[in-house]
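Participant: So that we are looking at the same thing, I have put the structure below in structure tokens.
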Amino acid sequence: TGKSPHPVVVYYHGGGWVVGDIQTHHAVTAALADRAGCIVVSVDYRCAPEHRFPAAAEDALCALRWASENADILGVDANRIAVGGDSAGGNLAAVVAQQRPVPIRFQLLIYPATDMTQSFPSQKENAAGPVLTEQAMEWFIGHYMPDKSQHRHELASPLFSADAMFRDLPPALIITAQYDPLRDEGEAYGAKMIENGSVASIIRFNGQFHSFFGMHQLMDDAENAHIIAANALRKALA
């Protein structure tokens, strides 16, 4: 509601680059639009195994350019663009922020996958889940990019990008969960941003698990995470 042009968030859904779509994440994107006072462009990127790496990353970049180039049609302000996503979508949001095809004000990264090599301790510590397991991550990555020689590519594992790619990044809010295999790599990504002079806020929800953010209608922690995310977006896109 209100007078356009509105700020805009280009949002990438989770699902391991294999499952999920804009319908599975509608409650999340609708809540963010309402609470942050912005338009959300929810991206229906191509998924594996029919479309393997780098299809999702290419679509993520294309969608961001499209939103910027069609700002007038969408009723949005091309100078107030944020990117966001959860899990695999957080991976894509981090990737496009590093590539910078258009100016971006903010990144909302919700338990993002940033390391396709699965090398951090939380992968083993939380190998049995709940919800996301180490075996499931291997399955997702195997479908998205079966060629292990690609696992450190900057469009796949943004954590391994050169330090220069971390400088002057748009500020980020990174939300992680204690019992999540992806916990450490999300936090490491934020730490590397800070080390290279960019701004990142890292919030770990203790006692929570992968995918909790989508349960904001059921759980207090998820509701609080949504409020924090929406407030951060509203402030960054003011």
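The values are calculated or read from the model by the stated rules, or taken from the named source; none is laboratory data. Just so it is clear, the structure is predicted and the values come from calculations on it, not from any experiment. In this analysis, Cβ positions are derived from the backbone assuming ideal geometry, glycine residues included, and neighbour counts consider all displayed protein chains. Quick note on the areas: whole protein, heavy atoms, side chains included, nothing else; ligands and nucleic acids left out. Shrake-Rupley method; radii C 1.70, N 1.55, O 1.52, S 1.80 Å.
Participant: Which one is most open to solvent (accessible area, probe 1.4 Å) among residues in region 35-57 that are touching a residue at least 24 places away in the same chain (Cβ under 8 Å) and assigned to a helix (DSSP H, G or I)?
Facilitator: 35
Participant: Return yes when residue 165 is of a type in the set (A, V, I, L, M), under 28 Å from residue 208 (Cα atoms) and either more than 14 Å from the chain's Cα centre (by Cα) or open to solvent by 50 Å² or more (accessible area, probe 1.4 Å) (or both) and no when it is not.
Facilitator: no
Participant: Now a separate question. Based on what the data block shows, is residue 134 out of contact with any Phe, Trp or Tyr (no Cβ under 9 Å at 6 or more places or on another chain), without any contact (Cβ under 8 Å) to a residue 40 or more places away in the chain and either buried (at least 23 other Cβ atoms within 10 Å of the Cβ) or acidic (Asp, Glu) (or both)?
Facilitator: For residue 134, the condition - out of contact with any Phe, Trp or Tyr (no Cβ under 9 Å at 6 or more places or on another chain), without any contact (Cβ under 8 Å) to a residue 40 or more places away in the chain and either buried (at least 23 other Cβ atoms within 10 Å of the Cβ) or acidic (Asp, Glu) (or both) - is not met.
Participant: For region 116-141, give me the residue count where each residue is out of contact with any Pro (no Cβ under 9 Å at 6 or more places or on another chain) and either of a type in the set (D, E, K, R) or at negative phi (or both).
Facilitator: Summing the residues that are out of contact with any Pro (no Cβ under 9 Å at 6 or more places or on another chain) and either of a type in the set (D, E, K, R) or at negative phi (or both) in region 116-141 gives 11.
Participant: Within region 60-69, is even one residue surrounded by fewer than 21 Cβ atoms within 10 Å (Cβ to Cβ), in contact with a helix residue (DSSP H, G or I) (Cβ under 8 Å, 6 or more places away or on another chain) and without any contact (Cβ under 8 Å) to a residue 24 or more places away in the chain?
Facilitator: no
Participant: Restricting to region 173-195, what's the tally of residues that are touching a strand residue (DSSP E or B) at 6+ places or on another chain (Cβ under 7 Å) and surrounded by fewer than 18 Cβ atoms within 10 Å (Cβ to Cβ)?
Facilitator: Of the residues in region 173-195, 2 are touching a strand residue (DSSP E or B) at 6+ places or on another chain (Cβ under 7 Å) and surrounded by fewer than 18 Cβ atoms within 10 Å (Cβ to Cβ).
Participant: Checking residue 119 against (1) surrounded by 17 or more Cβ atoms within 10 Å (Cβ to Cβ); (2) small (Gly, Ala, Ser); (3) over 28 Å from residue 228 (Cβ atoms): exactly one of these is not met. Which one?
Facilitator: Evaluating residue 119 over (1) surrounded by 17 or more Cβ atoms within 10 Å (Cβ to Cβ); (2) small (Gly, Ala, Ser); (3) over 28 Å from residue 228 (Cβ atoms) leaves (1) as the failure.
Participant: To continue, here is another question. Tell me whether region 218-232 contains one or more residues that are open to solvent by 60 Å² or more (accessible area, probe 1.4 Å), closer than 20 Å to residue 35 by Cα, in contact with a Gly (Cβ under 7 Å, 6 or more places away or on another chain) and at pLDDT 95 or above.
Facilitator: No, the conditions are met nowhere in region 218-232.
Participant: Are any of the residues in region 91-98 at pLDDT 95 or above and either open to solvent by 30 Å² or more (accessible area, probe 1.4 Å) or at positive phi (or both)?
Facilitator: no
Participant: Just give me the residues in region 159-174 being out of contact with any Leu (no Cβ under 7 Å at 6 or more places or on another chain) and closer than 15 Å to residue 108 by Cα, in sequence order.
Facilitator: Result: 169, 170, 171.
Participant: Mind checking whether some residue in region 218-236 is outside any helix (DSSP H, G or I) and in contact (Cβ under 8 Å) with a residue 24 or more places away in the chain?
Facilitator: Taking every residue of region 218-236 in turn, none turns out to be outside any helix (DSSP H, G or I) and in contact (Cβ under 8 Å) with a residue 24 or more places away in the chain.
Participant: Here is a check on your reading of the model: is residue 105 closer than 25 Å to residue 66 by Cα, open to solvent by 50 Å² or more (accessible area, probe 1.4 Å), touching a strand residue (DSSP E or B) at 6+ places or on another chain (Cβ under 7 Å) and charged (D, E, K, R)?
Facilitator: yes
Participant: Examine region 196-213 for a residue that is modelled with pLDDT of 95 or more, out of contact with any His (no Cβ under 8 Å at 6 or more places or on another chain), open to solvent by 10 Å² or more (accessible area, probe 1.4 Å) and part of a helix (DSSP H, G or I), and state whether such a residue exists.
Facilitator: The answer is no, given that none of the residues of region 196-213 is modelled with pLDDT of 95 or more, out of contact with any His (no Cβ under 8 Å at 6 or more places or on another chain), open to solvent by 10 Å² or more (accessible area, probe 1.4 Å) and part of a helix (DSSP H, G or I).
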